[in-house]
Amino acid sequence: MAEKLNIDQIRADFPVLHQQVNKAPLIYFDNAATTQKPKAVIDALSAYYEQDNANIHRGIHTLAERATTAYELTRKKLSSFLNSPSTDQIIFTSGTTAGINLVAQTFGRANVGKGDQIIVSNLEHHSNIVPWQMIAEEKGAEIKVIPVSDAGVLDIEAFKALLNPKVKLVAVNHVSNAIGTINPIEEIISLAHKVGAKVLIDGAQSVAHLAVDVQSLDMDFFVFSAHKLFGPTGVGVLYGKRELLESMPPYQGGGEMIKEVSFAGTTYNELPYKFEAGTPNIADVIAFGAALDYVQAIPSEALAAQEEALLAYATQKLQAIPGLRIVGTAPEKIAVISFVIDGVHPQDIGVLLDKFGIAIRTGHHCAQPLMQRYELVGTCRASFSFYNTFEEIDRFVLCLEKTLQMLG
Amino acid sequence: MGQPINEIQEELIEEFGLFEDWADKYEYLIDLGKKLAPMSDAFKTEENVIKGCQSRVWLHAEKQGDLVVFQADSEAIIVKGMISMLIRVLSNHTPAEILAADLYFIDQIGMSQHLAQTRSNGLVSMVKQMQHYALAFS
């Protein structure tokens, strides 16, 4: 039996949760869009600017030293968080999208040629589709798509049939942002490797909910954003296998990424700096370190148990609403519920729930190909985090019923 | 000549002034949406569509004598309620009146958020499009 979380104590750590929105207590069920930040992260951000602000790596003065140490400490924490074989395989980006574009423009440009194939899935966010379409168009390569079942599960048999030596890269998410499905990435990676394809896993939606061990999963590339893991916006992480990162050409040119520059030619810096041109987002990287400390201090079984219980409770209560259909009923899913209601446009539900102080997401969730697959204009999505409560779900369901009466 | 634009705006402000809480106000808005005169399917064309990020709006305009007459529709009922008010205020007026209109009622009845959601519902584009039609017809 997992230790139970003290939810009141946890909620006290998140200042934003304690406010009235439209004269009602805020219920924040849009955690898949971004998670809220604990006080420790907000404090780390202001402490950095109040005490340590300096540019990193180049200065020899004390502040530069402090800032550099704190910045590099987050990299070390991430290395251990992901079980990376070394710290220099952790590259800071501005977010998941930037990480995917980096891999597309470096690995993709160097390894994808005319007639080659890139496989994505029908569950992807636009940010894990469009960068591949761009490189495929440029190179004359083809995009192939792993189909998804009515329940929201990827068709692995169809994936096997798509695999062949022309496939250079497979790009899939660990967890679907729109409907919460947890994809069998271990199997996907191992199948892709059999035909010599590399795999990029978009972990934007998984890192806050599932443990990720890049070595045991034999991960080639793993990308995610800090802001979906209780950290600040504007920071992302790219993990890559050493031989891949070393063989990839640099992405952006500038300061920091060089070893020596002359007009006769420039040599590039070592990993990870080769991919970190310019002054990085120092303050937010440092504050992200505080987010990692915060979330790792919570017993992971208890965290998972709380989220699973919230999912089960909300699923059961929502299913009781006449005309409501849950979109995405995969057996393996995180605490995300996408739903539609007969004859009601999702936007109307979102607008009225906001009036009740409830934040959910409505629309296509930047996954239009998935909406097309289900012939939907969009869905309503409630996404939970461990700081959400059963009482919030009760009030959400009550307000949803009131909303439907108003729209009825 | 129809009723002046500002007189219609004042009427709407008065109607909404009757409601104290937001739920009553929105029920009225939803009701206006439901009562919006249906748009002929012939006008629901790709050319007439205004794409919002979450819902679509269709807008058709024609000139009847000196006046511009609008027809519109949306997939979302709250947007339809907003459309119904915009049509009530702007339709059946001359291009010059439409171009000179200051739509202050939206703010006064507390519905400006629906015009602030620039990407989600297409209403801002709809108002602009109504003015473009007026300009084209003037």
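Listed values, structure above:
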read-out: Number of the condition not met by A:Ser79 [criteria: (1) in contact with a Pro (Cβ under 9 Å, 6 or more places away or on another chain); (2) in contact (Cβ under 8 Å) with a residue 24 or more places away in the chain]; value: (2)
read-out: Members of the range A:360-399 that are touching a Leu at 6+ places or on another chain (Cβ under 9 Å), within 14 Å of chain B (Cβ to nearest Cβ) and aliphatic (A, V, I, L, M); value: A:Ile360, A:Ala367, A:Leu376
read-out: Residue in the range A:21-29 that is modelled with pLDDT of 95 or more, within 25 Å of A:Gly363 (Cα to Cα), touching a Leu at 6+ places or on another chain (Cβ under 9 Å) and within 14 Å of chain B (Cβ to nearest Cβ) present; value: no
read-out: Pair list, Cβ under 8 Å, 6 or more apart: the range B:6-34 residue more than 10 Å from chain A (Cβ to nearest Cβ), other residue basic (Lys, Arg) and surrounded by 15 or more Cβ atoms within 10 Å (Cβ to Cβ); value: B:Ile8/B:Arg88; B:Leu12/B:Arg88; B:Phe16/B:Lys25; B:Phe19/B:Lys25; B:Leu32/B:Lys80
read-out: Candidate set: the range A:220-258, residues that are surrounded by fewer than 24 Cβ atoms within 10 Å (Cβ to Cβ) and β-branched (Val, Ile, Thr); chosen: the one modelled with the lowest pLDDT; value: A:Ile258
read-out: Residue within the range B:57-66 that is surrounded by fewer than 21 Cβ atoms within 10 Å (Cβ to Cβ) and either closer than 20 Å to B:Leu12 by Cβ or within 14 Å of another protein chain (Cβ to nearest Cβ) (or both) present; value: no
read-out: Selection from the range A:133-173 of residues that are of a type in the set (A, V, I, L, M, F, W, C) and farther than 30 Å from A:Ile326 by Cα; value: A:Met134, A:Ile135, A:Ala136, A:Ala141, A:Leu163, A:Val167, A:Leu169
read-out: Counted residues, the range A:233-268 - those being within 13 Å of the chain's Cα centre (by Cα) and in a loop (DSSP other than H, G, I, E, B); value: 3
read-out: Answer residue from the range A:326-349, given it is modelled with pLDDT under 95 and surrounded by fewer than 24 Cβ atoms within 10 Å (Cβ to Cβ) and is farthest from the other protein chains (Cβ to nearest Cβ) among those; value: A:Asp342
read-out: Verdict on A:Ser190 being surrounded by fewer than 18 Cβ atoms within 10 Å (Cβ to Cβ), more than 27 Å from A:Ile326 (Cα to Cα) and not β-branched (Val, Ile, Thr); value: yes
read-out: Selection status of B:Gln3, touching a His at 6+ places or on another chain (Cβ under 6 Å) and either assigned to a helix (DSSP H, G or I) or not aliphatic (A, V, I, L, M) (or both); value: no
read-out: Qualifying residue in the range B:98-110 (condition: within 14 Å of another protein chain (Cβ to nearest Cβ) and surrounded by fewer than 23 Cβ atoms within 10 Å (Cβ to Cβ)); value: yes
read-out: Test: residue in the range B:37-54 that is in contact (Cβ under 8 Å) with a residue 40 or more places away in the chain, surrounded by fewer than 18 Cβ atoms within 10 Å (Cβ to Cβ) and within 14 Å of chain A (Cβ to nearest Cβ); value: yes
read-out: Test: residue in the range A:79-96 that is aliphatic (A, V, I, L, M) and modelled with pLDDT under 95; value: no
read-out: Unmet criterion (only one of (1) among the β-branched types (Val, Ile, Thr); (2) within 12 Å of the chain's Cα centre (by Cα); (3) within 19 Å of A:Phe384 (Cβ to Cβ)) for A:Val223; value: (3)
read-out: Condition broken by A:Gly357, with the remaining ones in (1) of a type outside the set (A, V, I, L, M, F, W, C); (2) more than 27 Å from A:Leu5 (Cα to Cα); (3) within 14 Å of another protein chain (Cβ to nearest Cβ) satisfied; value: (2)
read-out: Residue in the range A:382-398 that is touching an Asp or Glu at 6+ places or on another chain (Cβ under 7 Å), of a type in the set (Phe, Trp, Tyr) and in the same structural domain as A:Ala12 (by TED's automatic domain parsing) present; value: yes
read-out: Selection from the range A:67-100 of residues that are of a type in the set (A, V, I, L, M), assigned to a helix (DSSP H, G or I) and touching a helix residue (DSSP H, G or I) at 6+ places or on another chain (Cβ under 8 Å); value: A:Ala67, A:Ala70, A:Leu73, A:Leu78, A:Ile100
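The values are calculated or read from the model by the stated rules, or taken from the named source; none is laboratory data. What you are looking at is a predicted structure, and each value in this text was computed from that prediction instead of being measured. Counting neighbours? That spans all protein chains shown, and the Cβs are built from the backbone with ideal geometry, glycine included.
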